[in-house]
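The values are calculated or read from the model by the stated rules, or taken from the named source; none is laboratory data. Source: prediction; values computed, not measured. When we count neighbours, we look across all protein chains shown, and the Cβ atoms used for this are built from the backbone with ideal geometry, even at glycine. Accessible surface areas use protein heavy atoms only, side chains included; no ligands, DNA or RNA. Shrake-Rupley method; radii C 1.70, N 1.55, O 1.52, S 1.80 Å.
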Amino acid sequence: MAIQLTRVEEFALITLDRPEALNALSFALIRDMARVLDEVAQSDARALLIIGAGQKAFCAGADIKELTGRSLMEQKRGAELGQATFGKIERLPVPSVAIINGYAFGGGLEMALACTFRIATRNAKMGLPEIKLGLIPGYGGTQRLPRAVGEARAMEMILTGRTIDAEEAYRIGLVQRVVDGDPIAQAVVFAREFSGYSLPVLGLAREAVSRALTVPLNEGLRVEADLSTLAFQTKDAVEGMSAFTEKRNPRFTDE
Ligand code: DAK
């Protein structure tokens with residue numbers, strides 16, 4: 001299998017493991033990924049981290065060698081498979097962090113965009129170069145990139161196929177941290193900025209924020225009113241507010 005699922009401390013770690021092809025997304029790899037994501041969803045991991053094997057790449061995109069000579073319907077089903085698999089990342093009960101440790105092109109960047117957060121090593125290079133192949137992104141890039149960095153920047157990246165480095169990605173909000181040293185250790189440090197909070201309440205926050213760009217403001221505000229009211233119903237909200245008044249650290253139990 002070109003996907004490894006392991007554990008780092010309290011986190012699940014998926015490694016894309018085809019370093020000889022810069023971890024390019026074969027259809028077999030995408031299917032394995034879907035299965036492994038179901039395992040992560042059932043586990044007690046407090047977040048998912050995803051990294052590419054080797055020193056060069058997170059993921060160099062869809063396996064270009066596999067994409068040619070397929071019928072129209074095969075291509076459509078291929079796009080739907082990739083979109084459904086990356087949708088599983090987005091809908092996991094826990095937040096996810098893509099560790100962009102080198103190249104993240106095409107489908108590789110689209111996978112990272114489906115994660116809740118992205119961190120990049122200093123040598124990372126990112127882009128949606130499909131246009132150079134006579135294609136456009138098919139695994140969510142045209143929809144998630146504008147939501148992450150705004151329409152004009154996304155349009156420019158997709159129409160020019162330009163590669164950006166880690167610093168630029170940080171500047172435009174595509175990645176949330178640029179890290180030095182061991183990228184997995186740095187991802188653990190980053191994930192611990194949120195993973196100690198109540199998982200169900202983190203889930204409500206993710207749901208509310210993700211609605212911000214998909215519904216009109218008045219509907220989004222109604223969603224926020226409902227979800228924030230729901231947060232009050234958790235034991236963790238009672239615990240968090242009690243801990244504040246009692247001047248102690250909260251002990252969240254994910255209830
Ligand atoms: N697919 C297959 N093999 C790849 C690959 C890829 N995307 N990227 C690299 N490799 C392979 C190379 O062929 C090479 O293998 P050998 O020739 O040694 O057997 C090995 O990985 C090492 O690559 P390089 O020798 O090229 O390494 P360099 O360091 O010189 O260059 C590079 C690294 C990342 C700049 C270069 O490899 C590169 O430009 N790679 C391609 C990047 C790219 O264009 N990615 C694809 C974007 S398109 C869909 C619609 C759209 C999509 C999917 C589905 N449907 C409607 C179904 C999305 C498509 C994309 O993702």
Please work out if T214 is within 16 Å of the ligand (Cβ to nearest atom), open to solvent by 30 Å² or more (accessible area, probe 1.4 Å) and among the polar types (S, T, N, Q). no
Across (1) open to solvent by less than 30 Å² (accessible area, probe 1.4 Å); (2) more than 25 Å from L133 (Cβ to Cβ), D226 clears everything bar (1)
Meets criteria (within 8 Å of the ligand (Cβ to nearest atom), farther than 23 Å from G181 by Cα and buried (at least 21 other Cβ atoms within 10 Å of the Cβ)) for E66: no
Here is a check on your reading of the model: is V188 surrounded by 15 or more Cβ atoms within 10 Å (Cβ to Cβ), within 17 Å of E10 (Cα to Cα) and in contact (Cβ under 8 Å) with a residue 24 or more places away in the chain? yes
Residue list for segment 3-28, filter: part of a loop (DSSP other than H, G, I, E, B) and over 20 Å from G138 (Cβ atoms): E9, E10, D17
Consider only pairs whose beta carbons are under 8 Å apart and that are at least six residues apart or on different chains; among these, list those whose first residue lies in segment 59-75 and is touching a residue at least 40 places away in the same chain (Cβ under 8 Å) and whose second residue is open to solvent by 90 Å² or more (accessible area, probe 1.4 Å) and near the ligand (Cβ under 7 Å from one of its atoms). I64/L133
Residue that is touching a Lys or Arg at 6+ places or on another chain (Cβ under 9 Å), part of a loop (DSSP other than H, G, I, E, B) and either at pLDDT 95 or above or exposed (fewer than 14 other Cβ atoms within 10 Å of the Cβ) (or both), where the choices are A45, A41: A45
Would you call A84 open to solvent by 10 Å² or more (accessible area, probe 1.4 Å), within 16 Å of the ligand (Cβ to nearest atom) and within 27 Å of L202 (Cα to Cα)? yes
Could you tell me whether any residue of segment 13-21 is in contact (Cβ under 8 Å) with a residue 40 or more places away in the chain and under 18 Å from C115 (Cβ atoms)? yes
So, in segment 1-38, how many residues would count as being out of contact with any helix residue (DSSP H, G or I) (no Cβ under 8 Å at 6 or more places or on another chain) and either closer than 27 Å to Y197 by Cα or open to solvent by 10 Å² or more (accessible area, probe 1.4 Å) (or both)? 14
Look at S96 and say whether it is touching a Cys at 6+ places or on another chain (Cβ under 6 Å) and within 18 Å of Y139 (Cα to Cα). yes
Yes or no: segment 100-110 includes at least one residue that is touching a strand residue (DSSP E or B) at 6+ places or on another chain (Cβ under 6 Å) and either more than 26 Å from T68 (Cβ to Cβ) or without any contact (Cβ under 8 Å) to a residue 40 or more places away in the chain (or both). yes
Of the residues in segment 88-140 that are charged (D, E, K, R) and within 10 Å of the ligand (Cβ to nearest atom), the one that is surrounded by the fewest Cβ atoms within 10 Å (Cβ to Cβ) is K132
